[in-house]
Amino acid sequence: MHPHCFLALLTLLTLLNAVPATRKVSAPWKEIKDLKDPYVIGIAEWGVSEYNKNVTGTNKLVFQSVTWGVSAFISGTFYELVIAAKNQSLTIPPEEYKLGVWDRFLTRLFMRLIKDDGKFV
């Protein structure tokens with residue numbers, strides 16, 4: 001192998017290892033392809049409104065968008081969404097939060113809303 005080819009290959013491998021890992025999804029979870037689907041948006045908006053019912057003061061959130069999400073069907077559909085939302089009373093840009101919702105025929109259950117750490121849980 002030519003020295004310059006070896007150096008180029010080594011540089012490429014080093015750069016690939018430096019790139020942060022993407023969110024990995026395993027069964028039974030499936031990545032949501034259409035993040036602008038009105039049903040997915042509705043679940044995210046509902047989850048933020050449920051969160052806002054349980055907080056007091058200036059910690060209420062305003063939903064902006066869905067940035068990533070997965071779902072799994074287990075006696076209903078579980079949604080793990082990463083959403084962009086901003087604090088209603090602050091002028092800072094939107095931050096990412098993980099939202100967990102269980103959606104079953106005619107019922108929804110709010111599971112959690114926490115700041116996103118970049119890892120799929």
(message) Return the residues of region 33-51 that are in a helix (DSSP H, G or I) and either touching a Phe, Trp or Tyr at 6+ places or on another chain (Cβ under 6 Å) or crowded, with 16+ Cβ neighbours inside 10 Å (or both); say none if nothing qualifies.
(response) 40, 41, 43, 44, 45, 46, 47, 48, 50, 51
(request) Would you check which residues across region 3-32 are among the charged types (D, E, K, R) and either loosely packed, with under 10 Cβ neighbours inside 10 Å or at pLDDT below 65 (or both) and list them? (result) 23, 24
(request) Those residues that are touching a residue at least 40 places away in the same chain (Cβ under 8 Å) and among the β-branched types (Val, Ile, Thr), I need them from region 99-117; list them, please. (result) 101
(message) Can you report the number of residues in region 84-99 which are assigned to a strand (DSSP E or B) and of a type in the set (S, T, N, Q)?
(response) 1
(message) Looking only at residues that are under 18 Å from residue 31 (Cβ atoms) and among the basic types (Lys, Arg) in region 68-121, which one is surrounded by the fewest Cβ atoms within 10 Å (Cβ to Cβ)?
(response) 119
(message) Checking the structure you have, find out if any residue of region 71-83 is in a loop (DSSP other than H, G, I, E, B), in contact with an Asp or Glu (Cβ under 7 Å, 6 or more places away or on another chain) and not acidic (Asp, Glu).
(response) yes
(request) Among what's in region 54-67 and is among the polar types (S, T, N, Q) and in a loop (DSSP other than H, G, I, E, B), pick the residue that is surrounded by the fewest Cβ atoms within 10 Å (Cβ to Cβ). (result) 56
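The values are calculated or read from the model by the stated rules, or taken from the named source; none is laboratory data. Quick caveat: nothing in here was measured; it's all calculated off a predicted structure. Methodologically, a virtual Cβ is constructed for each residue, glycine included, from the backbone with ideal geometry; neighbour enumeration extends over all protein chains shown.
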